[in-house]
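Heads up, the thing below is written out as structure tokens.
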Amino acid sequence: MTTHQLSPADTRTPGQLIDQRGRAELEFVVSLRMGMGAALRGRVRHRIEESGLLPESATDIEALRATVDPVVTVDPAYRFHAASLRWSREISTPRGVEAFDRRRDRLEPLATPSAPVADHTGGELPRYWGYEFHTTEGGWDGHDHMGFVHHEMVYQYLLTKIYGNGGDIFALRRAFADRAPEDHYDQIVDLGCGTGQYTLKLAEAYPRARITALDLSVSELSYAKRRAEDAGLAIEFRRAAAEATGLDDESADLVTSYILLHEMPPHAIAKVFAEAFRLLRPGGHVHFGDVGAYATRSAYDAWNDDWDAEHGNEPWWRLAATTDIAEIARDAGFVDVERYELLPGGHPMGTTARKPEVSS
Ligand SMILES: C[S@@+](CC[C@H](N)C(=O)[O-])C[C@H]1O[C@@H](n2cnc3c(N)ncnc32)[C@H](O)[C@@H]1O
């Protein structure tokens with residue numbers, strides 16, 4: 001396996017990576033989701049809002065689902081929408097994987113870092129991590145270049161079109177990085193870095209900080225490292241669990257993550273806060289961005305999030321959106337715990353807290 005530097009001629013411009021068959025398949029999914037899918041979703045929303053069944057707030061999501069679901073499931077538009085959404089999610093990654101494999105000779109050199117990422121897991125992977133999140137066949141490492149496939153194919157060809165409004169789909173990550181409590185950090189740890197979407201924004205926001213980024217997925221980490229190398233950034237990547245990083249006590253002044261916590265059950269979230277507390281110097285901060293709490297969202301948005309999580313293989317989303325994350329932070333020893341919406345009514349919801357100074 002070889003790696004080579006990008007030349008201006010082989011930048012990752014959409015159109016150069018995917019063959020015509022792959023483009024046609026992914027574009028079909030985009031048109032299904034944006035055209036008919038958006039119209040059907042609008043019709044379902046209208047039906048729910050017109051029903052008069054939505055409560056003021058979504059404090060009891062099970063009761064909300066039990067009230068609203070029977071109203072929509074009788075509608076053929078809803079059933080078609082649910083089936084087509086599920087189908088489009090199920091086929092997206094396999095189509096990306098097949099498109100990669102058809103051009104493996106050309107793409108593998110663009111996907112591979114200069115050296116493998118060091119493994120600090122000791123061979124122990126949490127059981128929940130192996131789940132096929134987001135209907136990704138085989139889970140996060142279901143293909144040796146799943147990171148590249150996610151980042152350059154699924155994100156660039158699908159998600160930027162569906163969610164990106166033609167702009168930078170990762171811009172919110174930069175805005176979130178900017179909301180960390182201090183203006184400068186020396187040592188940042190990014191937990192669950194994936195392909196580095198947030199990590200690279202942290203590097204932009206805190207150019208003088210040393211950054212360590214970790215994840216459990218070999219394929220996501222490999223491509224994160226490659227992206228950092230291409231950007232000329234000296235970021236340390238390591239394969240490790242967020243709840244057992246193997247990093248030194250009191251070695252960081254910011255421990256942060258973006259959309260990691262809803263990928264894990266609450267007992268693991270508690271371990272992540274405990275690990276962050278261990279890693280931080282006194283006075284250091286955690287700054288975690290994740291899904292909005294149902295209780296602070298409109299009842300329709302909470303219903304829609306919960307429905308989407310169910311139909312998109314997000315087994316822990318509901319728990320993350322209903323668990324008292326602030327209490328978990330306080331139980332771990334943090335003070336000044338603050339939860340806030342980065343954008344009113346939207347995702348992500350931030351949790352920021354401080355490790356107290358040692359009292360003499
Ligand atoms: C939704 S992605 C988020 C990636 C990235 N932070 C971003 O900004 O898009 C979640 C990542 O968390 C990783 N992950 C899940 N559980 C983990 C754990 N216990 N320890 C480390 N990484 C984990 C997954 O492998 C995946 O790459």
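The values are calculated or read from the model by the stated rules, or taken from the named source; none is laboratory data. All of these numbers come straight from a predicted model, not from anything done at the bench. We place every Cβ from the backbone using ideal geometry, glycine too, and count neighbours over all the protein chains shown. For accessibility, only protein heavy atoms count, side chains too; no ligands or nucleic acids. Shrake-Rupley method; radii C 1.70, N 1.55, O 1.52, S 1.80 Å.
Among what's in the range 195-206 and is in contact with a strand residue (DSSP E or B) (Cβ under 8 Å, 6 or more places away or on another chain) and either open to solvent by less than 10 Å² (accessible area, probe 1.4 Å) or not in a loop (DSSP other than H, G, I, E, B) (or both), pick the residue that is nearest to P116 (Cα to Cα). Quick ask: steps written out before the conclusion?
The initial filter retains those residues of the range 195-206 that are in contact with a strand residue (DSSP E or B) (Cβ under 8 Å, 6 or more places away or on another chain), namely 196-199, 202-203, 206.
Remaining after also requiring either open to solvent by less than 10 Å² (accessible area, probe 1.4 Å) or not in a loop (DSSP other than H, G, I, E, B) (or both): 196-199, 202-203.
Working: G196: 15, Q197: 19, Y198: 21, T199: 18, L202: 22, A203: 21 Å.
Per the stated criteria, the residue is G196.
Would the range 286-305 turn up any residue that is in contact with a Lys or Arg (Cβ under 6 Å, 6 or more places away or on another chain), over 30 Å from H81 (Cβ atoms) and surrounded by 18 or more Cβ atoms within 10 Å (Cβ to Cβ)? It would help to see each step written out before you state the result.
Here is the first cut: in the range 286-305, the ones in contact with a Lys or Arg (Cβ under 6 Å, 6 or more places away or on another chain) are none.
Within the range 286-305, not a single residue is in contact with a Lys or Arg (Cβ under 6 Å, 6 or more places away or on another chain), over 30 Å from H81 (Cβ atoms) and surrounded by 18 or more Cβ atoms within 10 Å (Cβ to Cβ).
So, in the range 57-106, of the ones that are charged (D, E, K, R), assigned to a loop (DSSP other than H, G, I, E, B) and without any contact (Cβ under 8 Å) to a residue 40 or more places away in the chain, which residue ends up farthest from R21 (Cα to Cα)?
Step one: filter the range 57-106 for residues charged (D, E, K, R), giving 60, 62, 65, 69, 75, 79, 86, 89-90, 95, 98, 101-106.
Right, trim to assigned to a loop (DSSP other than H, G, I, E, B) and you get 60, 75, 103.
Remaining after also requiring without any contact (Cβ under 8 Å) to a residue 40 or more places away in the chain: 60, 75.
Working: D60: 45, D75: 34 Å.
Here the answer is D60.
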For the range 42-54, name all the residues that are touching a helix residue (DSSP H, G or I) at 6+ places or on another chain (Cβ under 7 Å) and open to solvent by 60 Å² or more (accessible area, probe 1.4 Å).
-> R43, R45, R47, E49, L53
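Does at least one position in the range 287-296 carry a residue that is within 26 Å of L200 (Cα to Cα) and either away from the ligand (no atom under 16 Å from the Cβ) or among the β-branched types (V, I, T) (or both)? Before the answer, list the steps.
The initial filter retains those residues of the range 287-296 that are within 26 Å of L200 (Cα to Cα), namely 287-292.
If we keep only those that are either away from the ligand (no atom under 16 Å from the Cβ) or among the β-branched types (V, I, T) (or both) too, we end up with 291.
The answer is yes, given that some residue of the range 287-296 is within 26 Å of L200 (Cα to Cα) and either away from the ligand (no atom under 16 Å from the Cβ) or among the β-branched types (V, I, T) (or both).
Out of the residues in the range 290-335 that are among the charged types (D, E, K, R) and within 22 Å of E243 (Cα to Cα), state the one that is modelled with the lowest pLDDT. If you could, list the steps in order and put the result at the bottom.
The first filter runs over the range 290-335 and keeps only residues among the charged types (D, E, K, R), leaving 290, 297, 301, 305-306, 308, 310, 314, 318, 324, 327, 330-331.
Then drop every residue that is not within 22 Å of E243 (Cα to Cα), which leaves 290, 314, 318, 324, 327, 330-331.
Working: D290: 97, E314: 89, R318: 96, D324: 96, E327: 98, R330: 98, D331: 98.
The residue in question is E314.
Out of contact with any His (no Cβ under 9 Å at 6 or more places or on another chain), closer than 17 Å to S222 by Cβ and in contact (Cβ under 8 Å) with a residue 24 or more places away in the chain: which single residue out of P113, P126, P109 fits that description?
Numbers: P126 fails: closer than 17 Å to S222 by Cβ; P109 fails: out of contact with any His (no Cβ under 9 Å at 6 or more places or on another chain).
Only one candidate qualifies: P113.
Return yes or no: is H267 open to solvent by 40 Å² or more (accessible area, probe 1.4 Å), within 12 Å of the ligand (Cβ to nearest atom) and either outside any strand (DSSP E or B) or free of Cβ contacts under 8 Å to residues at least 12 places away in the same chain (or both)? Spell out how you get there, then give the answer.
Values: open to solvent by 40 Å² or more (accessible area, probe 1.4 Å): yes; within 12 Å of the ligand (Cβ to nearest atom): yes; either outside any strand (DSSP E or B) or free of Cβ contacts under 8 Å to residues at least 12 places away in the same chain (or both): yes.
When the stated conditions are applied, H267 passes them.
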Regarding S88, is this residue under 18 Å from N313 (Cβ atoms), in contact with a Lys or Arg (Cβ under 7 Å, 6 or more places away or on another chain) and either surrounded by 15 or more Cβ atoms within 10 Å (Cβ to Cβ) or among the hydroxyl-bearing types (S, T, Y) (or both)?
-> yes
Quickly run through the range 237-254 and pick out the residues that are in contact with a strand residue (DSSP E or B) (Cβ under 8 Å, 6 or more places away or on another chain) and farther than 24 Å from G142 by Cα.
-> G246, L247, E250, S251, A252, D253, L254
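So that you can scan it fast, the table gives a plain yes or no per residue for (1) surrounded by fewer than 23 Cβ atoms within 10 Å (Cβ to Cβ); (2) under 18 Å from F273 (Cβ atoms); (3) within 12 Å of the ligand (Cβ to nearest atom):
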| residue | (1), (2), (3) |
| --- | --- |
| L191 | no, yes, yes |
| R208 | yes, no, no |
| L214 | no, yes, yes |
| E220 | no, no, yes |
| A224 | no, no, yes |
Near pairs, Cβ below 8 angstrom, 6+ apart or cross-chain, from the range 24-50 (assigned by TED's automatic domain parsing to the domain that holds W87) to any residue that is outside any helix (DSSP H, G or I) and not aliphatic (A, V, I, L, M) | R43/D75; V44/D75; R47/D75
Exactly one of (1) within 11 Å of the ligand (Cβ to nearest atom); (2) assigned by TED's automatic domain parsing to the domain that holds G22; (3) crowded, with 16+ Cβ neighbours inside 10 Å is unmet by Y128. Its number?
-> (3)
Does at least one position in the range 271-285 carry a residue that is in a loop (DSSP other than H, G, I, E, B), open to solvent by 30 Å² or more (accessible area, probe 1.4 Å) and within 12 Å of the ligand (Cβ to nearest atom)?
-> no
In the range 226-262, how many residues are part of a loop (DSSP other than H, G, I, E, B) and either within 18 Å of H285 (Cβ to Cβ) or more than 12 Å from the ligand (Cβ to nearest atom) (or both)?
-> 13
